[in-house]
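**Student:** One structure is given below, represented as structure tokens, and several questions about it will come after.
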Amino acid sequence: MYKLKEISDHVFYVGVNDRQKALFENLWPLPKGVSYNSYLILDEKTVLIDTVDVCYSDIFLKKITDALNGRTLDYLVVNHMEPDHAGSIRLLRQQYPNVQIVGNKTTFGMLDGYHSITDGLYEIKEEDVLNIGSRDLTFFMAPMVHWPEVMFTYDTKNKILFSADAFGTFGTLDGGIIDSEMDVDRFWEEMIRYYSNIVGKYGNPVQKALQKLKNLQIETICSTHGPVWREHMGKAVSIYDRLSRYEGEDGVAIVYGSMYGNTEQMAETVAYSLADNGIKNIVMHNVSKSHASYILGDVFKYKGLIVGSPTYSNQLFPEIESILSKIEIREVKNRLFGYFGSFTWSGAAVKRLATFNERMKWETVGDPVELKQALKADKYEQCIALGKAMADRLKDLSN
Ligand code: FEO
């Protein structure tokens with residue numbers, strides 16, 4: 001019944017779209033949904049690359065049955081064990097009891113842990129080759145390109161890289177599967193958000209994986225999330241390269257908390273000054289309203305970060321504390337950092353922002369501004385000066 005998209009010679013897309021989950025990993029909003037991609041190669045041997053979230057196993061298994069058209073499934077390659085991809089393995093094994101599961105030693109520890117599967121395993125190591133008829137599959141380890149067991153699979157005949165989460169993005173596949181079949185512009189911002197939320201901590205492993213791929217001829221990238229990259233492969237790879245080097249674009253994210261609007265007025269003044277001094281890309285996040293997912297996306301996207309916080313219970317504003325922790329966990333590097341804060345009777349926020357930046361080792365730009373109670377002319381001018389200092393430093397760097 002299912003007409004399945006043939007991506008290349010005898011390589012079919014058998015993934016699914018998820019437009020139901022509100023939060024990916026029960027954390028990150030999915031306003032445009034997400035796809036769980038899986039691919040089936042019909043050669044002398046039949047090979048499935050990854051499965052899908054167990055919520056979609058029924059439709060997924062029907063697609064595979066249709067595509068196999070009476071043949072059995074010889075191999076399941078497990079590039080990644082996170083349950084959004086490995087969730088259907090146990091049911092797949094029940095339907096195809098003789099399927100050999102291809103993975104590395106770390107994969108198999110997780111396979112036992114999650115699914116209690118310990119037999120019918122085909123263990124591979126770095127650059128091992130599995131011939132499946134007219135083509136070889138070569139395996140490359142990509143540890144921590146999200147989890148430690150992650151590996152890439154390369155189809156030597158069609159020059160396809162099956163890349164697990166790498167080069168993935170949020171957003172469903174609304175009809176088209178290959179990038180040339182759609183307007184891909186809607187994916188770029190979602191790719192930054194996906195990377196910063198999910199993979200962001202692992203910049204160095206992503207860089208190592210990219211180095212490893214340099215010697216491969218790759219014509220198509222089949223990630224586990226989002227479009228199959230071919231026409232726009234260069235842009236997808238360059239986004240991952242840039243983000244994993246923590247290289248920001250010209251622009252500033254202003255992230256602030258405010259209870260009664262006084263700290264917000266400082267943020268508005270800094271933003272005004274940035275724009276007045278020629279900065280066009282300015283994004284402002286009120287931490288009580290913007291979800292951390294989007295704030296992280298903009299922290300990864302832009303070189304400049306300015307944080308403002310009221311003092312709350314002699315600490316930072318709780319939502320500021322929370323977002324700083326998420327930034328620190330991701331070990332974001334090389335940001336230009338400015339900061340300001342406020343208090344009513346005893347100031348703590350500015351001191352704590354300074355301590356945060358000592359840990360991050362970013363360049364501090366301008367003088368921090370500390371406000372007692374409401375904004376008056378002297379502190380207004382200091383906020384103007386902070387915005388100007390950031391604008392000047394950004395212009396220095398881009399010249
Ligand atoms: Fe899409 Fe790390 O799983």
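The values are calculated or read from the model by the stated rules, or taken from the named source; none is laboratory data. What you see is a predicted model; the values in this text were computed from it and never measured. Counting neighbours? That spans all protein chains shown, and the Cβs are built from the backbone with ideal geometry, glycine included.
**Student:** Can you tell me which condition ARG245 does not meet? The list is (1) within 16 Å of the ligand (Cβ to nearest atom); (2) more than 22 Å from HIS85 (Cα to Cα); (3) among the basic types (Lys, Arg), and all the others hold.
**Tutor:** (1)
**Student:** So which residues in region 120-160 are within 16 Å of the ligand (Cβ to nearest atom), touching a residue at least 60 places away in the same chain (Cβ under 8 Å) and not small (Gly, Ala, Ser)?
**Tutor:** Here is the first cut: in region 120-160, the residues within 16 Å of the ligand (Cβ to nearest atom) are 141-153.
Remaining after also requiring touching a residue at least 60 places away in the same chain (Cβ under 8 Å): 142-147, 149-153.
Selection gives PRO143, MET144, VAL145, HIS146, TRP147, GLU149, VAL150, MET151, PHE152, THR153.
**Student:** While we're on this one: Among the numbered criteria (1) touching a helix residue (DSSP H, G or I) at 6+ places or on another chain (Cβ under 7 Å); (2) within 13 Å of the ligand (Cβ to nearest atom); (3) hydrophobic (A, V, I, L, M, F, W, C); (4) under 18 Å from SER38 (Cβ atoms), which single criterion is violated by ILE117?
**Tutor:** (2)
**Student:** Taking helices (runs of 4 or more DSSP H) that do not extend beyond region 316-399, which have at least 1 residues that are touching a His at 6+ places or on another chain (Cβ under 6 Å) and at pLDDT 95 or above? Working first, answer last.
**Tutor:** On the way: elements: 318-329, 349-360, 377-398.
Filter on region 316-399 gives an empty set.
**Student:** Return the residue satisfying two criteria in turn: it lies in region 334-350 and is buried (at least 24 other Cβ atoms within 10 Å of the Cβ) and within 15 Å of LEU316 (Cβ to Cβ), and of such residues it is nearest to the chain's Cα centre (by Cα).
**Tutor:** TYR339
**Student:** Count, please, the residues in region 169-224 that happen to be more than 15 Å from the ligand (Cβ to nearest atom), farther than 25 Å from GLU126 by Cα and part of a helix (DSSP H, G or I).
**Tutor:** 9
**Student:** Is it fair to say SER293 is closer than 22 Å to LEU27 by Cβ, part of a helix (DSSP H, G or I) and without any contact (Cβ under 8 Å) to a residue 24 or more places away in the chain? Even if it seems obvious, please write down each step before you answer.
**Tutor:** On the way: closer than 22 Å to LEU27 by Cβ: yes; part of a helix (DSSP H, G or I): yes; without any contact (Cβ under 8 Å) to a residue 24 or more places away in the chain: no.
No; evaluated as a whole, the condition is false for this residue.
**Student:** Moving on. I want to confirm something. Restricting to region 227-249 and keeping residues that are of a type in the set (Gly, Ala, Ser) and buried (at least 24 other Cβ atoms within 10 Å of the Cβ), which single residue is farthest from ASN281 (Cα to Cα)?
**Tutor:** Filtering region 227-249 for residues that are of a type in the set (Gly, Ala, Ser) and buried (at least 24 other Cβ atoms within 10 Å of the Cβ), the one farthest from ASN281 (Cα to Cα) comes out as ALA236.
**Student:** If you don't mind, another one. Looking at SER38, is it crowded, with 19+ Cβ neighbours inside 10 Å, closer than 23 Å to TYR122 by Cβ and within 12 Å of the ligand (Cβ to nearest atom)? I'd like the intermediate steps shown before the answer.
**Tutor:** Values: crowded, with 19+ Cβ neighbours inside 10 Å: yes; closer than 23 Å to TYR122 by Cβ: yes; within 12 Å of the ligand (Cβ to nearest atom): yes.
So SER38 passes the test.
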